[in-house]
1. Looking at Gly6, Gly11, Gly25 in this structure, which one is within 15 Å of the chain's Cα centre (by Cα) and at positive phi?
2. Could we say that Thr13 is touching a His at 6+ places or on another chain (Cβ under 7 Å) and in contact (Cβ under 8 Å) with a residue 40 or more places away in the chain here?
3. Gln66 versus (1) in a strand (DSSP E or B); (2) free of Cβ contacts under 8 Å to residues at least 60 places away in the same chain; (3) of a type in the set (S, T, N, Q): which is the lone unmet condition?
4. Please go through region 69-79 and give me each residue that is more than 15 Å from Pro14 (Cβ to Cβ) and assigned to a strand (DSSP E or B), ordered by number.
5. Using the structure shown, decide if Gly57 is farther than 18 Å from Tyr8 by Cβ and either without any contact (Cβ under 8 Å) to a residue 24 or more places away in the chain or out of contact with any strand residue (DSSP E or B) (no Cβ under 6 Å at 6 or more places or on another chain) (or both).
6. Hey, could you check region 47-80 for residues that are polar (S, T, N, Q) and farther than 21 Å from Asp95 by Cβ and say which is nearest to the chain's Cα centre (by Cα)?
7. Quick one: in region 29-49, which of the residues that are modelled with pLDDT of 95 or more and exposed (fewer than 11 other Cβ atoms within 10 Å of the Cβ) is farthest from Gly82 (Cα to Cα)?
8. Of (1) of a type outside the set (S, T, N, Q); (2) at negative phi; (3) not in a strand (DSSP E or B), Gly42 satisfies all except one. Which?
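The values are calculated or read from the model by the stated rules, or taken from the named source; none is laboratory data. Worth saying up front: this structure is predicted, and the values here are computed from it rather than measured. Neighbour counts are summed over all protein chains in view; Cβ atoms, including those assigned to glycine, are modelled from backbone coordinates with ideal geometry.
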Amino acid sequence: MASTIGVYVLGGTPELLITPKDLDGVFFEPTEFRLSVKNPDGTVFTASGYDLTLGAGYYSLIYHPQLVGGYEYEGWVKDGNGREVVENSTFEIVDNL
């Protein structure tokens with residue numbers, strides 16, 4: 001199920017996160033990871049590797065949405081043991097508040 005991270009004004013820059021945790025909630029270092037954003041017009045942007053910034057237990061992407069509407073994003077990580085974790089979220093861009 002997708003979670004909503006917020007509503008932003010056009011021109012804002014939401015920070016999208018991937019948080020690699022196992023079933024016990026323990027952070028792990030992924031060997032592969034990517035973050036894909038589906039824009040309101042149906043186009044998809046995908047970032048991976050050095051396009052994402054490493055934080056304290058997460059990877060992030062500062063996204064620059066160009067359209068008003070609803071966005072979906074999916075973060076995917078995989079470790080060397082075959083563990084895969086997927087996170088789905090949504091956010092909305094409005095023209096003004």
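1. On the way: Gly11 fails: within 15 Å of the chain's Cα centre (by Cα); Gly25 fails: within 15 Å of the chain's Cα centre (by Cα).
Exactly one of Gly6, Gly11, Gly25 is within 15 Å of the chain's Cα centre (by Cα) and at positive phi, namely Gly6.
2. Working: touching a His at 6+ places or on another chain (Cβ under 7 Å): yes; in contact (Cβ under 8 Å) with a residue 40 or more places away in the chain: yes.
So Thr13 fits the description; yes.
3. Failed condition: (1).
4. Here is the first cut: in region 69-79, the residues more than 15 Å from Pro14 (Cβ to Cβ) are 76-79.
Across region 69-79, the qualifying residues are Trp76, Val77, Lys78.
5. On the way: farther than 18 Å from Tyr8 by Cβ: yes; either without any contact (Cβ under 8 Å) to a residue 24 or more places away in the chain or out of contact with any strand residue (DSSP E or B) (no Cβ under 6 Å at 6 or more places or on another chain) (or both): no.
So Gly57 does not fit the description; no.
6. Looking only at region 47-80, we keep the residues that are polar (S, T, N, Q), and these are 48, 53, 60, 66.
Checking which are farther than 21 Å from Asp95 by Cβ leaves us with 48, 53, 60.
On the way: Ser48: 11, Thr53: 12, Ser60: 7 Å.
Among them, the one singled out is Ser60.
7. Top of the filtered list is Asp41.
8. Gly42 satisfies all of (1) of a type outside the set (S, T, N, Q); (2) at negative phi; (3) not in a strand (DSSP E or B) except (2).
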